[in-house]
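Beneath this line is the structure, given in structure tokens, with notes to follow.
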Amino acid sequence: MTEMKENTTLGLLLKDLLKERSLSMRKFSELTGIDTATISRIINHKRKATPQHVEKFAECLGVPFFQLFEAAGYPMEQKQEESQSDIHTSVDAIQTFLKASNVYDNQFSVQDVEKKLDDYGLFSQTEEGKHTIHTSFNEKIQKVGSVGPFINKLKELYEKFTTDKGTLFELTIIGSVLLYFIIPVDVIPDYVFPIGYLDDAIAVQLTGKSLLKNNG
């Protein structure tokens, strides 16, 4: 039942986007290289779009990948108040995604992300780290797409970091996730698009939990 609801969300979104752009399903098929029958089944809620489908849809329609990715039912960000087990649920989904993609063979773990965040936290308090955040964040946002669940959270964190709103501990945590997002070589490299940004969503989630715990 849940999957049907998720598929319906993407189907309705695609219908609206095609209508806005005056694109027929046949023309959309030509532009994406995905056969018309498959597109029709996805739009009419008869099959789930794969990550590869979603990437091609987003590129063709000129919308942020994450907007369609989430609409297709793939987890991007959990609510902050949810339990730690929900992170592992997301990780399980990412593992399944990675396995299905056939483009990235390494295992993914929360521990790997936490290790990177620790390293970047230290770097964020150096002059070079701060300079990297100040000069590269907005450029990276533009590259990825300025709208999306964890993108909006990153913008909030960037605002806090650049205005020094927080304790040294909080700014170190915030700086770590901003650098994780900015620097392309992290646990899953960003060049493995779109998979390379899934771990960034987990990093944002982990950071949110750390800040919540610190303020608790």
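The values are calculated or read from the model by the stated rules, or taken from the named source; none is laboratory data. Owing to the predicted nature of the structure, the values given are computational and were not obtained by experimental measurement. Backbone-built Cβ (ideal geometry, glycine too); neighbour counts: all protein chains shown. Surface areas here come from the heavy atoms of the whole protein model, side chains and all, with no ligands, DNA or RNA. Shrake-Rupley method; radii C 1.70, N 1.55, O 1.52, S 1.80 Å.
Just a few scattered comments:
- Hey, residue 86 surrounded by fewer than 16 Cβ atoms within 10 Å (Cβ to Cβ), over 29 Å from residue 50 (Cα atoms), at pLDDT below 95 and not hydroxyl-bearing (Ser, Thr, Tyr) or not: no
- Per-region count, segment 184-216, residues in a helix (DSSP H, G or I), modelled with pLDDT under 70 and among the hydrophobic types (A, V, I, L, M, F, W, C): 1
- When residue 54 is tested against (1) modelled with pLDDT of 90 or more; (2) among the aliphatic types (A, V, I, L, M); (3) open to solvent by less than 70 Å² (accessible area, probe 1.4 Å), just one condition goes unmet, and that condition is (1).
- Residues (open to solvent by 60 Å² or more (accessible area, probe 1.4 Å), modelled with pLDDT under 90 and more than 15 Å from residue 63 (Cα to Cα)) located in segment 1-32: 1, 2, 3, 4, 5, 9
- Looking only at segment 33-51, and only at residues there that are of a type outside the set (S, T, N, Q), surrounded by fewer than 17 Cβ atoms within 10 Å (Cβ to Cβ) and outside any loop (DSSP other than H, G, I, E, B), the one that is farthest from the chain's Cα centre (by Cα): 37
- Scanning segment 171-185 for residues that are open to solvent by 10 Å² or more (accessible area, probe 1.4 Å), touching a helix residue (DSSP H, G or I) at 6+ places or on another chain (Cβ under 9 Å) and not hydroxyl-bearing (Ser, Thr, Tyr) gives 171, 173, 182, 183, 184.
- Condition check for residue 181: modelled with pLDDT of 85 or more, within 27 Å of residue 63 (Cα to Cα) and of a type outside the set (Ser, Thr, Tyr): yes
- Residues that are open to solvent by less than 20 Å² (accessible area, probe 1.4 Å), on the phi < 0 side of the Ramachandran plot and within 16 Å of the chain's Cα centre (by Cα) within segment 126-145 comprise 137, 140, 141, 144, listed in sequence order.
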